[in-house]
Amino acid sequence: MGKKYGPVLCLCLIASWTLCGALEKGPGDPATTVQSLLDAVKVLSEAEEAESEAEAIQKISRTFDIVGLSRDCLRRTWEDLSAEEQKNFVSLFQEVLEKVAYPNSAKFFKDTRIEVEHVTREDGKAQVSTLVVHPKEGEVEVEYCLGLSDGTWLIEDILLEGVSLRVDLRSQAQRIIREESYEELKRRLRDRLDEL
């Protein structure tokens with residue numbers, strides 16, 4: 001991730017609360033998944049009750065391929081884990097997203113707007129390209145990459161001006177695993193939650 005935005009901003013860019021421009025609607029459409037994400041973040045940004053906030057967070061998580069992101073972060077380590085430990089890591093990773101990334105996204109994007117540039121689909125993959133207009137950062141190109149899973153489009157990656165969130169997360173995780181250990185990666189994720 002470039003120094004201009006950093007990994008925190010990249011995570012923030014997973015969502016916005018205003019969508020300008022027409023998206024294709026309908027069952028099984030990738031734009032519907034992105035719209036669900038945007039709608040949920042809008043609710044999260046305005047939520048005053050814990051129940052509404054929790055519901056919005058769950059809706060956001062349902063738009064992402066969290067298992068795929070978790071597997072990609074761990075790479076070869078994933079295959080060495082038991083099914084139970086894989087499940088535990090996915091749960092920890094999702095909790096960090098839900099308690100850290102999503103709320104920060106809602107705050108960061110409260111005064112932004114998005115212009116949808118185009119939606120493309122081919123062979124079970126899709127891209128929803130957008131232009132984010134932020135009052136301080138200016139215009140930022142964000143592209144949502146989705147995959148079709150059991151008839152549902154899930155967000156697999158987000159490109160911030162061509163830089164992959166998935167690759168950035170994987171690079172950070174692999175560096176910790178390589179220099180320290182898998183257990184150290186989990187410890188740091190738990191520490192991030194404890195900071196709250």
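None of the figures in this text is laboratory data; all of them are computed from the coordinates on show. What you see is a predicted model, and the numbers here were worked out from it, not measured in a lab. Cβ atoms come from the backbone with ideal geometry, glycine included; neighbour counts cover every protein chain shown.
Below are the figures for this structure:
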read-out: Cα-based helix-to-principal-axis angle, 83-96 vs the chain, degrees rounded to 10; value: 50 degrees
read-out: Hz values of 3J(HN,Hα) by residue in region 58-74 - Karplus curve (6.51, -1.76, 1.60), Gly and Pro given as x; value: 5, 5, 4, 4, 5, 8, 9, 8, 5, 5, x, 5, 5, 4, 5, 4, 8
read-out: Under Karplus coefficients 6.51, -1.76 and 1.60, residue-wise ³J(HN,Hα) of region 159-174 in Hz, glycine/proline x; value: 9, 9, 6, x, 9, 7, 5, 4, 5, 5, 5, 4, 4, 5, 5, 5
read-out: Values of log10 I(q)/I(0), in the order q = 0.09, 0.12, 0.13, 0.15 Å⁻¹, for the chain under a Debye, Cα-only, solvent-free model; value: -0.33, -0.59, -0.70, -0.94
read-out: Inter-label distance, nm, simple model (7 Å from Cα along the C-beta direction), GLU117/ARG175; value: 2.8 nm
read-out: Placed amide H near PHE64: partners under 5 Å, 5+ positions off or other chain; value: ILE155
